[in-house]
Structure formats: C-alpha cells, structure tokens
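Data first, discussion second: the structure below is written as structure tokens.
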Amino acid sequence: MAFKERVFSGVQPTGNLHLGNYLGAIVRFVALQEAYECIYCVVDLHAITVWQDPRELPLNIREVTAAFIACGIDPARHIIFNQSQVAEHAELAWVFNCIARIGWLNRMTQFKEKAGKDRENASVGLYAYPCLMAADILAYRATHVPVGEDQKQHLELARDIAQKFNNDFAESIAAHGHADAFFPLTEPLIQGPATRVMSLRDGTRKMSKSDASDQSRINLTDDDDAIAQKIRRAKTDPDPLPHEEAGLAGRPEAANLVGIYAALADSTPAEVLKELGGAQFSAFKAALIDRLVGRIGPIRGELKRLLQDPAHIDGILADGSDRARVIAAETMKAVKDIVGLVRR
Ligand code: ATP
Ligand code: MG
C-alpha cells in the first residue's frame, strides 16, 4: 500500500541544545521542508522520563521551539508543536505497549545507558520510551524520520511495532478498508557527515545535553568567545591532519572535528582533507571556529529575540498542536476500530 509521504521528528526539551542536535537533526529538518510535509515536535513527554524541574521545563520547551524557528523551520507551512498538547501520542503509546514485546525493549541500548547501574530505580517511562516514540511517528503515519545515528535502534523498533500491528490485525485492517497495511514501515533518514557528533573532551562519547561538562559541547546559546575557547581546548592528538579519510582511523577526536567542519561546509570529510590535509590542529581549529561562529552567531541572535516573547511562542505551539491533533485523532479513531474498541 502507498502511504502519503510525510516527515516527523522530535527533540527533547532537556536543556543545552547542542551542535549534535543541530547538525544531526535540525539542519536536516530544515532541508526536508522543501520536498515534504513536515511535523516537528518538542517531545516534552519524553523529557519527563527523567526528572525535570517544573520551573525549568516550560523554558526548555520554549527554547527548543525558538531554536526550530531560528534555524529556519517555518511554523506556518509546516507544523511545530509540543507533544503533551496532543493526547493521542500517549493514547497510541498505550496500544503499542501492548504490541511491543518485553524482549524487544530489553535490547534497547539507550535505556541501558540512561538507566546506568541503578536500573531498578529508573522510571517505567524511560523503559517504555521507544513505544512512545513509535506512537509519535505513527500517529501521523509518517514515512520519513530524520534523526541522529543514536536513534537508529529506536526507529527499527518503530518499524517492528508497525509490522506486528499490521500482521496481528491484518484481517481487521482489511475489513475496515485500509487494504493490506495500516501503518507504514518508516524510513530512517540518517545522512551526512555529522550523524554522530562526539564530545569535545572524549571522541568516543556522543556529544550530549546531559554531559556534566559544558566544555564537552557547543550549545546553540554559546557566545562567540565560548565557541572559540571550547574548540581551542577540544581534545586532539599531536599529528597534523591526514590527506585522506583512511588516515582518520583510530583518531576519533580528529575524525569528529573534520566531520563537524564538513557538515558546516556542506562538504565531505574526504573533500575537507583534500583541501586541509597536512594542516596542524591550531590552523584547522581556527578555520573551524570561523565556520562555527558564522553559523551559530545568527541563530543565537534570532533565538534570543524569539525568547523575549514567550506568548508568541506559546501561540505557535497552540496552533501547531491544533493542526497536529486533527491528523492524530483520525489515526487514533481508525486504530480503535481496528483493535475493536467501542467508540462514539
Ligand atoms: P538527551 O541526552 O536528553 O537524550 P540528546 O542530546 O540526545 O539529549 P535528543 O532530544 O534526545 O537530544 O535528540 C534530538 C535529536 O538530536 C535526535 O534526532 C538525535 O538523534 C540527535 N542527536 C542527539 N545527539 C546527537 C549527536 N551527538 N550527534 C548527532 N545527532 C544527535
Ligand atoms: Mg537523546
């Protein structure tokens, strides 16, 4: 069955929006607007799977919203909203909790990483997170989901859930006029040179909002001096840049910085090394700082300007939620009919 092409993705309002979120996700969100109908969500229900201070959470929700807009997403042509304003996400997630198997969730590496050693004390929500993520996507029957590399496993789970739902209810799906499948098997869009931006302090760890060290990441709110300082202090090795990509093997910090540079220059690591191979890190870092400041500076300015008017941002979220709800409600009604839940 052919599904209407539609893009969905989300970012958690957990604070410290960083270069990884920008290059791995938001830049792609912006590009996809030209060719697809896009729905971009501030996933606040995902955020509360770990403790969020209720005084800070609304500020973080508005900050991600403002960042979407500052980076170039158009809330009039597409949809920007926060997840908790569309109840169908949580409702569909419950159905998916009953579709997904415990064995599937037990394999999720993000849960293992985030729960850490004290797994017994992690929230049930953190464990069930991938089922909610599947609901986010499938409430809109989205066909394409741009994400960073770290979300690949969760997207595969969303496909497994869609497939099992389509199989388990095949007869009912056909009887309700949806041909051979109700949910699409969503395509992950994980592309470009910066699908996994690494920490500036340790090239083997993902750049992350939750890293205790602010030096490990470039935040979208960092000023030019902070950006320059963090890059100058970023861990490297003593060798100059290689001339070919193969020379980056075993040099995770060098590979990371070259990947960031390539993403900012709309290029590839191979092209960057063709041009800058042989350079010392001091020179390469100076060029990288120029690119970063040139890109993040204007976004930061726009972000700050938007945040001065929280009522305007809340209005955008309310409007986006109203439009998202229309689509999600239709899906949820169909799901109820397919599953056999009586409704009015
Ligand atoms: P948290 O630590 O709270 O999970 P996060 O930095 O992982 O925060 P998310 O809101 O979970 O951010 O993810 C938003 C998007 O950013 C996702 O598509 C995710 O794959 C992408 N992303 C997150 N970190 C990176 C990274 N280091 N490099 C590339 N993409 C990333
Ligand atoms: Mg994450």
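Key figures for this structure:
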quantity: Rotationally averaged projected area of the chain (alpha carbon convex hull; nm²); calculated: 18.6
quantity: Label-point gap, in nm, between residue 98 and residue 265 - each point 7 angstrom along Cα→Cβ; calculated: 5.5
quantity: Where chymotrypsin sites (Phe, Trp or Tyr not before Pro) fall in DSSP loop in the range 234-341, at most 12 other Cβ within 10 Å; calculated: none
quantity: DSSP-assigned coil residues among GluC sites (Glu not before Pro) in the range 23-123, each with at most 15 further Cβ atoms within 10 Å; calculated: 34, 56
quantity: Cα centroid separation, the range 26-54 to the range 298-344 (Å); calculated: 11
quantity: Of 117/333; 304/333; 114/230; 112/336; 164/206, those spanning more than 30 Å from alpha-carbon to alpha-carbon; calculated: 117/333; 304/333; 112/336; 164/206
quantity: Amide H partners (placed H, <5 Å) of residue 198, local residues excluded; calculated: 207
quantity: Within a Gaussian network of the chain (alpha carbon springs, distance under 10 Å), most fluctuating of 25, 311, 194; calculated: 311
quantity: Residue 55/residue 153 FRET efficiency (R0 45 Å; Cβ-Cβ; nearest 0.05); calculated: 0.85
quantity: Principal-axis tilt of helix 252-264 within the chain, Cα atoms, nearest 10 degrees; calculated: 70
quantity: Mean-position separation - Cα centroids, the range 148-221 and the range 55-84, in angstrom; calculated: 20
quantity: Long-range amide H partners of residue 82 with built H, under 5 Å; calculated: 42, 321
quantity: Distant-in-sequence amide H partners of residue 187 (H built 1.01 Å from N, under 5 Å); calculated: 144, 145
quantity: Integer Hz, Karplus 6.51/-1.76/1.60 couplings in order for the range 142-157, x for Gly and Pro; calculated: 5, 9, 9, 10, x, 8, x, 4, 5, 9, 4, 5, 5, 5, 5, 5
quantity: Neighbourhood charge, 15 Å Cβ-Cβ cut-off, centred on residue 229 and excluding it, Lys, Arg +1 and Asp, Glu -1; calculated: +1
quantity: GluC sites (Glu not before Pro) restricted to the range 214-295 and DSSP loop, no more than 14 other C-beta within 10 Å; calculated: 244
quantity: Within the chain, percent of DSSP bridges classed antiparallel, to nearest 5; calculated: 10
quantity: Residue-span extension gain [residue 329 to residue 164] - 0.36 nm each, minus C-alpha spacing; calculated: 57.3 nm
quantity: The chain - mean residue ellipticity at 222 nm from DSSP helices (-39,500 (n - 2.57) per run, n ≥ 4, rounded to 500); calculated: -15500 deg cm²/dmol
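Each reported figure results from applying straightforward, stated rules to the coordinates on display, with no laboratory input. What you are looking at is a predicted structure, and each value in this text was computed from that prediction instead of being measured. Here Cβ is always computed from backbone atoms with ideal geometry, including for glycine, and neighbour counts include all displayed protein chains.
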